[in-house]
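**Q** Below is one structure. I have some questions about it.
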Amino acid sequence: MIEFSKEYKESTTGKIPIDWEEILVEDLVESGTLEKPLDGNHGNIHPTASDFVKEGIPFIMANNVQNGVLDLTNCYFIKKEQADKLQKGFSKTGDVLLTHKGTVGNTAIVGNIMTDYIMLTPQVTYYRIKNENKLNRYYLKSFFESEIFQGILKVRSGGGTRAYIGITNQRKLPILIPQIQEQKAIAHILGLMDTAINKNNQLITQNELCKKWLMQNLLTGKKRLKGFYEEWKETSLSKLFDRVTRKNTEVNTNVVTISAQRGFIKQTDFFNKLIASEILDNYFLVHKGEFCYNKSYSNGYPWGATKRLNYYDKAVVTTLYICFGVKDQTNTDGDFFEQFFEANLLDNGLTKIAHEGGRAHGLLNVTPSDFFSLKVTIPNKEEQTAIAQVLQATDKEMQLLKTKTEKLREQKKGMMQVLLTGKKRLKIK
């Protein structure tokens, strides 16, 4: 059993165990990134979109480095001949990666790759261990993720969306390191947490694919639930829903906006400020269970998004939204249509009433009369309810998995705060 000293000393990052060292990145790590080399005519030969091919050398962007993992799922490739000309920016198996422009501080380790090397965009730096008896790569990755290192990065990169820290300044960043045995022990413990988080995220991905398949098939009648055989009928939204134009005469101040990804969210949370007028009586007042169609197009929602108010009893929205509620609940299931709208099954109809040329200030040119004239083909109320229950069960399972992931991340964060500062020491045989 290794006995650790209980004495501490001062460092630039605070008190650390007396047997730990504070070193600079450049002392134990080689680092580099892709520069913009010049060809013989002094023109840049940095890869552009036209250079990307289906197979070749992986060209790693900053968005390929996420949550401690190098994700090659949506990776671009360049021809080997072109990559060989660049000479710099090569990264190999075992390198630790760090994003340093825009989104600063995301990190990952390059695992076994099918090619001799990968290329990095200038937004990503590789770190290669000089002496593996002195520094463990998995410990280095964990330290890069720590609050101490991330705090230093934030200060030195300027923070914000235009954050940037150059390679020269990166090499002067401090690292806290214990003896190699303790590094490996710390990395092992945090690696177990990463494994648990990644396995849980894989289950979430599987659930999302399952939910997508269910939505595409159950909400369109391609697949039927057992016991339902009645033919689906075509109808218009106007026969299923009443438009809501209820003015905010009660001066409700719960102003919300509709986010395509997050649904109804308070304006103060979405924009970090209230952008609505101080006079709110001309806004629409929406009740719980009612829907709103946001004509703004966004990523994944090219023809706008329709969301249901679930988490507030009442909310105030801009009159730019088309708001509506179920006309007859004995024939129409709101839970079914919440899933129906989320599957973007109105898009086909919206493409016919909202043309590209009608877009202005990010809004689609969709009138309420055109919107409610849209046709939908749906089952009877009983089958609607059954379909909604299946999809809601999938949503519930997915939410439980996401909650578990967040708890695991919080546990890992707590471990990092004490293990990577030496406040808690592991017993090592």
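**Q** Can you pull out every residue in segment 296-341 that is under 21 Å from Glu250 (Cβ atoms) and among the polar types (S, T, N, Q)?
**A** Passing the criteria: Asn310, Thr318, Thr319.
**Q** Could you grab me the full set of residues in segment 68-120 that are outside any strand (DSSP E or B), under 18 Å from the mean Cα position of the chain (by Cα) and surrounded by 14 or more Cβ atoms within 10 Å (Cβ to Cβ)?
**A** Residues satisfying the conditions are Gly68, Leu72, Cys75, Gly102.
**Q** For the condition small (Gly, Ala, Ser) and under 18 Å from Thr367 (Cα atoms), what is the one hit in Ser298, Ser259, Ser238?
**A** Result: Ser238 is the single residue among Ser298, Ser259, Ser238 that is small (Gly, Ala, Ser) and under 18 Å from Thr367 (Cα atoms).
**Q** Here is a further query. In segment 7-26, which residues are outside any strand (DSSP E or B), in contact with a helix residue (DSSP H, G or I) (Cβ under 9 Å, 6 or more places away or on another chain) and over 26 Å from Lys130 (Cα atoms)?
**A** None; the set is empty.
**Q** In addition: Go through segment 315-334 residue by residue and tally those that are within 29 Å of the chain's Cα centre (by Cα), modelled with pLDDT of 95 or more and more than 18 Å from Val366 (Cα to Cα).
**A** Summing the residues that are within 29 Å of the chain's Cα centre (by Cα), modelled with pLDDT of 95 or more and more than 18 Å from Val366 (Cα to Cα) in segment 315-334 gives 1.
**Q** Something else now. Restricting segment 140-195 to residues that are small (Gly, Ala, Ser) and farther than 16 Å from His100 by Cα, which is farthest from the chain's Cα centre (by Cα)?
**A** Ala185
**Q** Right, here's the next one. Can you name the residue in segment 204-227 that is of a type outside the set (D, E, K, R) and not in a helix (DSSP H, G or I) and is also farthest from Lys402 (Cα to Cα) among such residues?
**A** Among residues in segment 204-227 that are of a type outside the set (D, E, K, R) and not in a helix (DSSP H, G or I), the one farthest from Lys402 (Cα to Cα) is Gly227.
**Q** Out of the residues in segment 245-263 that are polar (S, T, N, Q) and surrounded by 12 or more Cβ atoms within 10 Å (Cβ to Cβ), which is farthest from Asn294 (Cα to Cα)?
**A** The extreme case among them is Asn252.
**Q** Further, regarding this structure: Does Ala354 satisfy being touching a residue at least 40 places away in the same chain (Cβ under 8 Å), touching a helix residue (DSSP H, G or I) at 6+ places or on another chain (Cβ under 9 Å), assigned by TED's automatic domain parsing to the domain that holds Ser259 and among the hydrophobic types (A, V, I, L, M, F, W, C)?
**A** yes
**Q** Tally the residues that are in a helix (DSSP H, G or I) and either within 23 Å of Thr12 (Cα to Cα) or without any contact (Cβ under 8 Å) to a residue 60 or more places away in the chain (or both), restricting the search to segment 161-203.
**A** Total meeting the criteria: 16.
**Q** Next question. Can you spot a residue in segment 126-138 that is assigned to a helix (DSSP H, G or I), surrounded by 14 or more Cβ atoms within 10 Å (Cβ to Cβ) and under 25 Å from the mean Cα position of the chain (by Cα)?
**A** Yes, that holds for at least one residue.
The values are calculated or read from the model by the stated rules, or taken from the named source; none is laboratory data. Please read these numbers as outputs of a predicted model, since none were measured by experiment. In this analysis, Cβ positions are derived from the backbone assuming ideal geometry, glycine residues included, and neighbour counts consider all displayed protein chains.
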